[in-house]
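The values are calculated or read from the model by the stated rules, or taken from the named source; none is laboratory data. Since the model is a prediction, treat every value here as computed from it, not as a measurement. Methodologically, a virtual Cβ is constructed for each residue, glycine included, from the backbone with ideal geometry; neighbour enumeration extends over all protein chains shown.
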Amino acid sequence: MELREGQVAVVTGAASGIGLAMARRFAADGLKVVLADVEEGALDKAAADLRADGADVHARVVDVGVRQQVLDLAESAYDTYGAVHVLCNNAGVGSGAEGRMWEHEPNDWQWAFAVNVWGVFHGIQAFVPRMIKSGQPGHVVNTSSGDGGIAPLPTASVYAVTKAAVVTMTESLYAHLKAEHARVGASVLFPGPHMLRTGLWESHRNRPARYAKERPRRTPYRSLDQWESAMKAAGKDVAFTPVEEVADLVVDGIRADRFWLLPESEHSDAQIRARAASMLDRANPSYLESFILD
């Protein structure tokens, strides 16, 4: 798909991190941007900063886990700009789950699925029919993660399961769009290849009361800085991918109509091969042994 000045891009989770980087990149290319985020203060600042740089911005507070709010976002975007050409279902959260899966609180799963899975589904249903009907070129980007989307991450199983679901949802969306001969493409994004400095580590700050934890955490939440310090204290180096590189990957992928927005990585490639080999050999998942031994 050719990205041109005057087109409209909608980005959820746009107040910080990957979402804000994508919005900035779209705006730099002359697109009008619709920012959606659950955190009002951060959203207002992101919109103001983009406008100060000359961008045409429409911002709206949205909890993507609430279907009506996403439908209202679509109405607002079309009322404001009359069209949507790019949709980035990017909003995501961790879960705060501790311990083994059978010890998890149901609300940890409910919240993560509401945002990471239902949020993507709500975005598809709110925008894609209009994007198809317009007859104009369009593209949908759904944000997954290597943690789950490529291989399981048992130490963050709730998050990993939701991100695996996003991959399958996007594969299905791609097939449905092709079956309709739509001029709308689809991609699944795996941010990376290294760690990213985003607000995901502190997503518990926006956890709705309806998904509140039923019992206190056994251990306090750790910020990204605290985790990085712990890794360095253990003698482990941590590499980070700038969010701007992820935004570049997205734009390049949309232009090339590329489904897998998967940066080159020896680690990810090894995970993919190991998992595929296990399935093809009907063998037990030896690639999980490092977690089993923990």
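Matching residues to (1) closer than 23 Å to Pro263 by Cβ; (2) in contact (Cβ under 8 Å) with a residue 40 or more places away in the chain:
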| site | (1), (2) |
| --- | --- |
| Gly119 | no, yes |
| Ile124 | no, yes |
| Met131 | no, yes |
| His139 | yes, yes |
| Gly146 | yes, yes |
| Ser157 | no, yes |
| Val167 | yes, no |
| Pro193 | yes, yes |
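Counting only residues that are more than 15 Å from the chain's Cα centre (by Cα), more than 17 Å from Met131 (Cβ to Cβ) and hydrophobic (A, V, I, L, M, F, W, C), segment 166-203 holds 0 of them. Can we say Ala114 is in a helix (DSSP H, G or I) and either surrounded by 20 or more Cβ atoms within 10 Å (Cβ to Cβ) or among the hydroxyl-bearing types (Ser, Thr, Tyr) (or both)? Taking the combined requirement at face value, the residue satisfies it. Output the residues belonging to segment 89-104 that are at negative phi, assigned to a loop (DSSP other than H, G, I, E, B) and either surrounded by fewer than 17 Cβ atoms within 10 Å (Cβ to Cβ) or not assigned by TED's automatic domain parsing to the domain that holds Asp29 (or both). Glu98, Arg100, His104 - these are the residues of segment 89-104 that are at negative phi, assigned to a loop (DSSP other than H, G, I, E, B) and either surrounded by fewer than 17 Cβ atoms within 10 Å (Cβ to Cβ) or not assigned by TED's automatic domain parsing to the domain that holds Asp29 (or both). Look at (1) surrounded by 12 or more Cβ atoms within 10 Å (Cβ to Cβ); (2) of a type in the set (Asp, Glu); (3) at pLDDT below 95 and you find that Asp237 fails only one, number (1). Of the residues making up segment 36-79, those that are within 13 Å of Gly123 (Cα to Cα) and among the hydrophobic types (A, V, I, L, M, F, W, C) number 9. On inspection, Ser134 does not qualify as among the small types (Gly, Ala, Ser) and touching a Ser or Thr at 6+ places or on another chain (Cβ under 9 Å).
Look at Ala212 and say whether it is modelled with pLDDT of 85 or more, more than 19 Å from Ala91 (Cβ to Cβ), small (Gly, Ala, Ser) and surrounded by 10 or more Cβ atoms within 10 Å (Cβ to Cβ).
So Ala212 fits the description; yes.
Exactly one residue among Met169, Met195 is modelled with pLDDT under 95 and hydrophobic (A, V, I, L, M, F, W, C), and that residue is Met195. From the list Ser187, Ser172, Ser144, the one residue that fits, being in contact with a Lys or Arg (Cβ under 8 Å, 6 or more places away or on another chain), more than 27 Å from Asp79 (Cα to Cα) and hydroxyl-bearing (Ser, Thr, Tyr), is Ser144.
Looking only at segment 12-59, which residues are part of a strand (DSSP E or B), farther than 23 Å from Ser144 by Cα and not charged (D, E, K, R)? Scanning segment 12-59 gives Val57, His58, Ala59. Select from segment 1-46 the residues that are in contact with a Phe, Trp or Tyr (Cβ under 9 Å, 6 or more places away or on another chain), closer than 22 Å to Phe190 by Cβ and crowded, with 22+ Cβ neighbours inside 10 Å and list them in ascending order. Once the filter is applied, which keeps residues that are in contact with a Phe, Trp or Tyr (Cβ under 9 Å, 6 or more places away or on another chain), closer than 22 Å to Phe190 by Cβ and crowded, with 22+ Cβ neighbours inside 10 Å, segment 1-46 yields Ala9, Val10, Val11.
Among all residues of segment 211-221, there is at least one that is more than 30 Å from Ile132 (Cα to Cα), in the same structural domain as Val66 (by TED's automatic domain parsing), of a type in the set (Ser, Thr, Tyr) and not in a loop (DSSP other than H, G, I, E, B). Checked against the criterion of being under 26 Å from Leu196 (Cα atoms) and buried (at least 17 other Cβ atoms within 10 Å of the Cβ), the candidates Asp63, Asp49 yield just one match: Asp63.
Anything in segment 75-88 that is within 23 Å of Glu2 (Cβ to Cβ) and not in a strand (DSSP E or B)? List them, or say none. Across segment 75-88, the qualifying residues are Ala77, Tyr78, Thr80, Tyr81, Gly82, Ala83, Val84, His85.
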